Structure formats: C-alpha cells, structure tokens
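Each reported figure results from applying straightforward, stated rules to the coordinates on display, with no laboratory input. Since the model is a prediction, treat every value here as computed from it, not as a measurement. Because the Cβ atoms are built from the backbone with ideal geometry, glycine has one as well, and the counts that use them run over all protein chains shown.
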2 protein chains.
Amino acid sequence: MNATQTQNEDGETVRFDGAALKLDCGVTLETLELAYRTYGTLNKDKSNAILICHALTGDQHPAGDNPLTGKPGWWTQVVGPGGIIDTDKYFVICSNVLGGCGGSTGPQSGNPETGKPYGLDFPVITIADMVRAQNLLIDHLGIESLFCVIGGSMGGMQVLQWAAAHSDRIFSAVPIATSARHSSQNIAFHEVGRQAILADPEWHGGAYYATDAHPRKGLAVARMAAHITYLSEAALQRKFGRNLQDREAISYGFDADFQIESYLRHQGMTFVERFDANSYLYITRAMDYFDIAAENGGNLAAAFNGTATRFCVMSFTSDWLFPTPESVNLVRALNAAGANVSFVEIESDKGHDAFLLDEPEMHATLSGFLQAAAQARGLENGGRDD
Amino acid sequence: MNATQTQNEDGETVRFDGAALKLDCGVTLETLELAYRTYGTLNKDKSNAILICHALTGDQHPAGDNPLTGKPGWWTQVVGPGGIIDTDKYFVICSNVLGGCGGSTGPQSGNPETGKPYGLDFPVITIADMVRAQNLLIDHLGIESLFCVIGGSMGGMQVLQWAAAHSDRIFSAVPIATSARHSSQNIAFHEVGRQAILADPEWHGGAYYATDAHPRKGLAVARMAAHITYLSEAALQRKFGRNLQDREAISYGFDADFQIESYLRHQGMTFVERFDANSYLYITRAMDYFDIAAENGGNLAAAFNGTATRFCVMSFTSDWLFPTPESVNLVRALNAAGANVSFVEIESDKGHDAFLLDEPEMHATLSGFLQAAAQARGLENGGRDD
C-alpha cells in the first residue's frame, strides 16, 4: 500500500492506494482518501496524540476556523490553545469519516471503475470501517499508541469501536452521549430521514452529481426531523416556546408563524449547503448497523475483556436520543470486563446537543480525567517537549 | 340557516346552508357538511348523549366496522354494545372534524366560488372551529346538553374547547392524553410533516385534486415521523428492538433490514390510502394554533371559571407527545377554577397511542367516572328508556 500526502487550505489529505481498505461488507476499496486536520505538536515519544471523532454531520474541524463555512469549528468550547483539550500540550487529530463529504472517500468520490462519482455504487460502510480508516491514518502519522480517543454521539460510537477492536492502541477513551448499539427508535428516525431524501425526485437514485440537482428539499426535511431529536423538549420550550416569529398574531396560514418553525426551516436550509445527501444516507446506515454486543455473541462485556484502556463515560439527563440507560448499560459491561471506568451523568436540559455546548460539568469532568490519565501515562505537562 | 340530512352506507351527513359557520380566521363558510355516525338510542329526555371527538387521523367510526377500510372502528376497545361506553345505554355521536377527509367539509370539498376543490384556498381552521361545527350538529340533533364529551390527543383538545366555550352544554368531560396548548416540540414535529408534503412535487401547491396526483411520498414521510412520536422508546424496543425483517443478516444496503423500518414504511404506505395530504396540513395547523390560555390572557384557569362540568383527566407515563406535566398543568388550572376534577396518570409503556389500546386501568377509570356521572345526572341505567 502506498500513501500520498497532500496539503491544502482545508487541512491535510492522505491517499492510500493498493487494496487500501477491506470493508465489513466484503468490498475492498482500492483507493482511500482521508481528509484530516491536526493541531499542536506531536512530542518525540509520540505519546501525546488525541484523536477526536466527529458526529454524524460533523467534520475534521473541531478547533480553529472551519475554512468552508468561515465559522468556528464545532468543538471550540473544548479544543484549542489553553483549552480543555489543550492544543498547546496535546497533538490533536481529527479526520473526516469514511463516507463523509468533507474530503474523505465517500459516495461523491470518483468510482475507479467508472471514473464517475460512486453515488449508490459506493459500498455500505460501518462504524468499524470508519475506525479501520482512522487506524490507517494513525499508522501513517507514525503513532503507535493514542493517548486518548474522544467523541460524542456517533463520535462516541467510534470511540467504543476503537476500544473494542484496538484497545492496545488507545491509552484512554471518552465516549460521550452515545451507545454501544443504535436503538429501535433511533433507527426509526434515521429511516424517516432517508425516506425523505429518497422521495425527492432531485435525488435521481443517488446519481445527482452529474446534474445540477441535489435533493435539497428531502435532505432539509431529514435534517429538520433529526434536529428535533438533538434538543430536549425543555430546551425547545425555553428557547422558542410558542413565541411567534416577527409577527403579532398567527397568520391563519402555513408560513412559519412560530419561531420554532422558522428555526427548523433555517436548520434545514443551511444544512443542505454543507452536506451531501448520499453521505447522509451512508452515515446514518452505519449508525443503524452499530451493535458491539451483536459482534460478540450478544455479550457486550466480551468486547472489552481484559482492556487496559481507561474509560470516562458521560451522558446528559435530558438526552433522549442517547439516554442515560444506554451509558449505564455500557458502564455495566465495562465493569464486567474489569475495565477502569468512571461514569458521570450530567444534569442538563439541553438534550443530546449538550456535548457540543457550554456545559461546565462536562468540561470539568473531561479536564480532570485527562489530567489523571496524563499523569498515569507519565505525560508531564501533557507530554509537550520543552 | 337550512339543514339537509342525507344518509349513506358510511353514516349520516348533515349539510348546513346559508352562512353556516363563521371561522376564527374571519372567513364564513356558506356551506358546511358534517359526516357523522351515531350508535345507540337517544332517550326521551335527550340526556344520555355522549360525543366522542377523534384524533388527528381518526374519523367518525369509533365503533362497529369502518365502511371504508372494512376494519373495526378505531375505539372498539371502548365503544360498543356492553362496552365501557355502552351503546346499549348511551346515545353516542362521532363526527368527522371540520377540515377532515371523511366526508366533512375540508380542503378537498368543492369551493362554491370556483366549483373546484378548495385545495389551499380552504380557510385555515382552529380547534374552536371544529367544536363550533360539532355544536351545530348537536343543535341539529335536538340535544340541549351532552352527558359527556370524550376524546384523546386532538380529541382531548376538542373536549377542552367544549369545556372552555360551551361548559353549560356539557355535563362531563374526559380529556385523555392531551394538553391545553400544543408544545414547541409538537409544533416542530408537525412542521417536519408539513414540509415533507410541501416538498413533494405531486402536491402541486395543494391543487392535486384535478390530476391523478397525490403527494403520496411526502405524506408517507409525514406519517412515519409522526408515528414515531405516538409510541414510546420502550414500546419500540420491546416490539421491534434491532430485530431483522425476513433475513438472517444485515444486507449492507438501504432495504428495510430492520423490522422497525419495515413497520414504519408500512404505516406510511397504508396511511396515504386513507388520508388526504391537504387535510393533514390543515388539521396539524389547527393543533399548532391550539392554546386555551392564550385566548384568556395567559390564564388557563380563567377559561374554566365557574364551570359545573365534571372532569376526568388521564395521561400515560410513557406518553412523550402529551406528557403528564401537560395534564398536571391542566388539572391545576381546573382546580384553580373550582372545577370538579379527577386525574389519573396511568402506568403504561405504550406511549401516546395507549389511549387507543388495551389499557385496563384507563378503561376502569373511564367506566367508574361515567357511572358516577350518570348517577349524579340521575341517569338510571345510563338513561335508557325501558
């Protein structure tokens, strides 16, 4: 396998050629590109690397500015110089997931067999495939062992997959607001989103890249439905309630009379500017398929038996997409596997999205866990060489 | 105003002509048709009538067979000869709501000004408008005072509107799994459904009646999203979990691998056979607009001040669409208004749809309440003349 490194203003891209990645579905991707970004400096022991895994619609830009949108990265609350994940100390890596639309190989990439974008000919991928791709990147960067793998939501699924498949390679793991398997209700919401995309005639069976079309309306509906699940009822009531949008009275019509309608429409419209509909199909499918226990004969603990990785599991009281019982289930399995695990359920009314927001208790928990883990690994000052 | 009665195999229809109904939006419907069905016999005192109000996608066939689908009515668990709402004793009335698609005037009705179906020219209606229409029907049937008004979900909203606007006309009221106002989250889910319909090119701006088109895909997506909200996560996990549909292993594709996907797709597909997309728009809007407190300067209790109606309020522990705090809020207001009110939160893992299902505690509560109310009204044997 041959690796080629390129750099552009969006970050780095590495291209692996020659039977690059064998997928769970049986297909082998001959070529694999991974777009990624790093922050900070790798120490000479290569022991201070933290991999951040992004969520369904995230990207490789947790910190700094996102060069595509010009807006701050999605986790600047947590990652940055002097931050909770301090890029002055740690070498932070984040890559766009396999199947994504931020530069990594996905359904919009060129299919080597046809020279045209894959579309629906792209093989269906899994969370484990995403992690296999990240594993290649870590090899490529010359890192033997990651100090920590951290992520929320689908990012947390990747963290758990790292711990299940490559425990020897990760010193510590922080799965946040996640689960070891996607629930029936969550599959249901994903299916609604996919059907909304498939119903859009602009989808063209997934082959819309050749035209100017993009299933904007379908993708916007998918995003609107999903977005409701990211927030709690309490947060919606507090932020929007039944407040009217730029009007004194209801219009007796189908305009966005209510602020919540206007907000959701805006979420849908802006999302389609930055995300690919086929990527949405593939990544939601990967999440649906995620079930670590099933991979281990129904025994979740067996996936983590004998692990030396230190875990910090976090959930949020008002998260109804990945509610606390999912984390409790995970923590029980980790305990049964004899793992070193701490668990904090954080009081918050912000719903699932709390992990992306200003949540002091989450920040304090993460900060404390990283400090203790750094000490345990003998990383003075986070491992910085100076 | 002139009323014309017709009967067909689906039930009865009454047509009111001549400034039939002045709506909240300011428009007056010159002609109003209401399709309804009755069960049992009105006693000579006309004191044994129970009005049942149906939910968003319900119809005028709670008991017996539904002539359109050939299936049992939607509330045969509760309504029928010898049933909890005993049609051997009580005279039971149920009408298709204004705006519906079961024979009552709605967007698919002929617009007298154009001779064509209204489509989006149909005026936007409210829950209060639906109740005004029912009020006309009760007049037409020569009933001065209803023994009880009963309904769940949007049916419960109608019950509350009856109590707020026509308390002198209802002896008792049973609002189940409902609220005195639609929450921000519920408006959000409705907006997703509406946008799915509006995104379907077969919707043709609401004017699809002239063609063979019907926004089937959009309406199916709307139904799928809504259907998730009718069930609890626990019920989905218990019924479907991550079980696969007619296969041994995942397909690595976008087929309905999981039972929950197959179930949802089926719900969507069958719904579009029996429901009109524009009716879905109008009725969801009516629910969004519902807010009894707002009609009374923000004071919910004021809506019920001095009411002599006896209330029985019920909610279900796992209902997250109309969760118990909504009923508690209502019960507090009724108590503050000095109303005679009982309240039961029923333990159930079936979610919002519990009110339509086999829920012995709900049935026992309703049965006991009706017996006591009948006694209080001096209705021996439910008021039957014999």
* Which one of A:GLY205, A:GLY58, A:GLY151 has the biggest mean-square fluctuation once chain A is modelled by GNM with Cα springs under 10 Å? -> A:GLY205
* **Size of electric dipole in chain B: Cβ of Lys, Arg +1 and of Asp, Glu -1, about Cα centre, debye, nearest 20** => 360 debye
* When a footprinting reagent is the concern and you count Cβ atoms within 10 Å, what order do A:MET269, A:MET362 take, fewest first? -> A:MET269, A:MET362
* Exposed-loop-free span, longest in chain B, where trypsin sites (Lys or Arg not before Pro) count as exposed if DSSP calls them loop and at most 14 other C-beta atoms lie within 10 Å -> B:45-246
* How large is ³J(HN,Hα), in whole Hz, for each residue of region B:237-254 in order, when computed from phi with the Karplus curve 6.51 cos²θ - 1.76 cosθ + 1.60 and θ = phi - 60°, using x for Gly and Pro? -> 5, 5, 6, 10, x, 10, 4, 8, 9, 6, 7, 8, 8, 5, 9, 6, x, 10
* Between A:GLU144 and B:GLN371, with labels modelled 7 Å along Cα→Cβ, what's the label distance in nm to one decimal, could you check? => 7.9 nm
* Say we join alpha carbon atoms closer than 10 Å with springs in a Gaussian network model of chain B; which of B:ILE250, B:ILE125, B:ILE143 then has the biggest fluctuation? -> B:ILE250
* Report the residue, chosen from B:VAL331, B:VAL174, B:VAL159, that carries the largest GNM mean-square fluctuation when chain B is represented by alpha-carbon nodes joined by springs under 10 Å. => B:VAL331
* **Three-way shape label, region A:108-243, alpha-carbon gyration tensor, a/c 1.5** => oblate
* Set of lysines with alpha-carbon distance to B:LYS46 below 24 Å, sequence-local pairs under 8 removed -> B:LYS89
* Asked: From the phi of every residue in region B:87-97, what ³J(HN,Hα) in whole Hz does the Karplus formula 6.51 cos²θ - 1.76 cosθ + 1.60 yield, where θ is phi - 60° and glycine or proline is x?
  -> 6, 6, 10, 9, 9, 9, 10, 9, 10, 5, 5
* Structure fact -> Taking every DSSP bridge whose two residues both lie in chain A, the antiparallel percent to the nearest 5 is 45 percent
* Once you have a ≥ b ≥ c as the square roots of the Cα gyration tensor eigenvalues for region A:166-249, tell me rounded if a/c is under 1.5, and otherwise prolate or oblate according to whether a/b is larger than b/c. => oblate
* Karplus (6.51, -1.76, 1.60) ³J(HN,Hα), θ = phi - 60°, over region A:147-152, in Hz, Gly and Pro reported as x -> 5, 7, 10, 9, x, x
* Total charge dipole magnitude, region A:187-284, about the Cα centre, Cβ charges on Lys, Arg, Asp, Glu only, Debye to nearest 20 -> 260 debye
* Hey, fewest Cβ within 10 Å first, where do A:THR178, A:THR229 land in order? -> A:THR229, A:THR178
* Sum of -39500 (n - 2.57) over DSSP H runs of 4+, divided by residues of chain B (222 nm, nearest 500) -> -10000 deg cm²/dmol
* **Student exercise, the protein assembly as shown dipole from Lys, Arg, Asp, Glu Cβ charges, in Debye to nearest 20** => 480 debye
* Asked: Hey, rough spin-label estimate for B:GLN245 and B:ASN381, points 7 angstrom out along Cα→Cβ, what's it come to in nanometres?
  -> 5.2 nm
* What ranking of B:HIS363, B:HIS352 emerges when the number of other C-beta atoms within 10 Å of each C-beta is taken as an exposure proxy, fewest first? -> B:HIS363, B:HIS352
* Structure fact -> With the 8 Å Cα cutoff and a minimum separation of six or more residues, chain A has a relative contact order in percent of 17 percent
* **Inter-label distance for A:THR28 and A:ASP121, nm, one decimal - labels placed 7 Å from Cα along Cα-to-Cβ** => 1.9 nm
* Once you've got the Cα coordinates, tell me which of A:LYS239/B:LYS22; A:LYS116/A:LYS217; B:LYS22/B:LYS44; B:LYS116/B:LYS217; B:LYS217/B:LYS239; A:LYS350/B:LYS217 are over 28 Å apart. => A:LYS239/B:LYS22; B:LYS22/B:LYS44; A:LYS350/B:LYS217
* For the protein assembly as shown, what proportion of DSSP beta bridges, expressed in % and rounded to the nearest 5, is antiparallel? -> 45 percent
* To do: Return the long-range amide H neighbours of B:SER342 (sequence gap of 5 or more, or a different chain), with a cut-off of under 5 Å between placed amide H atoms.
  => B:PHE311, B:CYS312, B:VAL313
